[in-house]
Amino acid sequence: MKVLALTPTLFAGLAAFALAPAMAQVEAGGDTAALAGQAAYNAGDFATARAKYEVGCFTENNSAACTNLGAMATKGEGGAADLTTARRAYQIGCTKGQAEACENYGSMLKAGRGGAKDAAGAIAPLTTACNAKFATSCYELGTTYFFGEVGSGPDLAKARQFFSRACPDYAADGCYALGVLQRDGQGGAVDAAGAARSFKLSCDAGLSDGCLEYGVAQYSGAGVAQDYAGARSSFAQACNTGNAGACMNAGMMARDGQGGAADPAAAKRLFGLGCKLGIQDGCTMAAQISG
């Protein structure tokens, strides 16, 4: 049986991740406005908290107040959402050493949120955050170098370096990205075993593409012991979250009795799902199964 192993478009878009909520603390020795803002936030008075954080950030230069203000302005807590103010606040907080502020400031620069897009300017704050073990920032650096958003073009060695730092803490997308580069020998040597581990971590974190690729590794024995039953399970898991290629692979295994008993009814259903998800062969293969 030929497994389709349909690999989705690599990094079709940066995965969304939640911006940090307002923190429940201010830095030790915080100034009056920052402390008053924290007290108001803890009491649920968001409008007062935001006003106090503005003073704490822009007048007192309190880095934690800036980080809290950035989160509130981003989310629209205590007033209207204001990405320009959020970006300014995160910039000050980052300059004063708050890694969380650097994470958000760098992300806003990279995406052009709250101001002009500046991928080159995002490198320094994202690196600060990555070095502080904010895995999403490591992932954003990886995509920046993968797509060649800075410099003269893609730098796959740097992309792989940063994806390796994003995995396993940012497992779904970070580990999947790393796995693809390890599998294909991009930015370094081919590492089938490393790729299999990365895809499994991605799958375990809920990314269907990771489950598809881990299933392919299990089926072919690439970097992991060959395991048809495991592959069939991985394909089914990915199919259940709408992965068309995984539905086709699971369908063929169910039809042919690989990794478990032959199950024509399940195969027909799986091929039908592949068809509905856009693979024309699924329509044909479903029709070929009687019943």
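The values are calculated or read from the model by the stated rules, or taken from the named source; none is laboratory data. Just so you know, these numbers come straight off a predicted model, no measurement behind them. A quick note on method: Cβ atoms are made from the backbone with ideal geometry, for glycine too, and the neighbour counts reach across all protein chains shown. Heads up: the accessible areas ignore ligands, DNA and RNA and are worked out on the full protein's heavy atoms, side chains in. Shrake-Rupley method; radii C 1.70, N 1.55, O 1.52, S 1.80 Å.
Summary of computed values
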item	result
Segment residue 83-residue 32, extension gain: residue separation times 0.36 nm, minus the distance between their alpha carbons	15.8 nm
Gain on full stretching of the segment that runs from residue 261 to residue 48 - 0.36 nm per residue minus C-alpha separation	70.2 nm
Selection from 261, 63, 286, by position along the positive dipole direction of the chain (Cβ)	286
Sites matching chymotrypsin sites (Phe, Trp or Tyr not before Pro) across segment 167-242 that sit in DSSP coil, with at most 16 neighbouring C-beta atoms within 10 Å	none
Accessible area (Å², per residue) of segment 120-237, counting only protein heavy atoms and a probe of 1.4 Å	38 Å²
Spherically averaged projected area in nm², based on the convex hull that wraps the Cα atoms of the chain	17.8 nm²
Hull-based mean projected area of segment 36-99, where the convex hull spans the alpha carbons, in square nanometres	3.6 nm²
The chain: angle of helix 208-220 to the longest principal axis, Cα-based, in degrees nearest 10	40 degrees
Net charge over other residues, Cβ less than 9 angstrom from the Cβ of residue 138 (K, R count +1; D, E count -1)	0
Cβ-defined net charge surrounding residue 50, 11 Å radius [Lys, Arg +1; Asp, Glu -1]	-2
Alpha-carbon Debye profile of segment 194-287, log10 I(q)/I(0) at 0.16, 0.18, 0.19 Å⁻¹	-0.56, -0.70, -0.77
Neighbour net charge for residue 196 - beta-carbon separation under 13 angstrom, K R +1, D E -1	-1
Cα pair distances of segment 124-219 binned at 5 Å [whole percent]	3, 18, 24, 24, 18, 9, 3, 1, 0
Rounded to 10°, Cα long-axis angle of helix 156-166 versus longest principal axis of the chain	80 degrees
Length added when fully stretched, residue 116-residue 186, from 0.36 nm per residue minus Cα-Cα	22.1 nm
Relative contact order (%) - the chain, alpha-carbon pairs under 8 angstrom, separation at least six	10 percent
Mean residue ellipticity (222 nm) of the chain, computed from DSSP H runs ≥ 4 via -39,500 (n - 2.57), nearest 500	-19000 deg cm²/dmol
Carbon and sulfur %, accessible surface of the chain computed with the full protein complex present, 1.4 Å	53 percent
Rg/Rh (Cα only; Kirkwood hydrodynamic radius) as it applies to segment 70-133	0.97
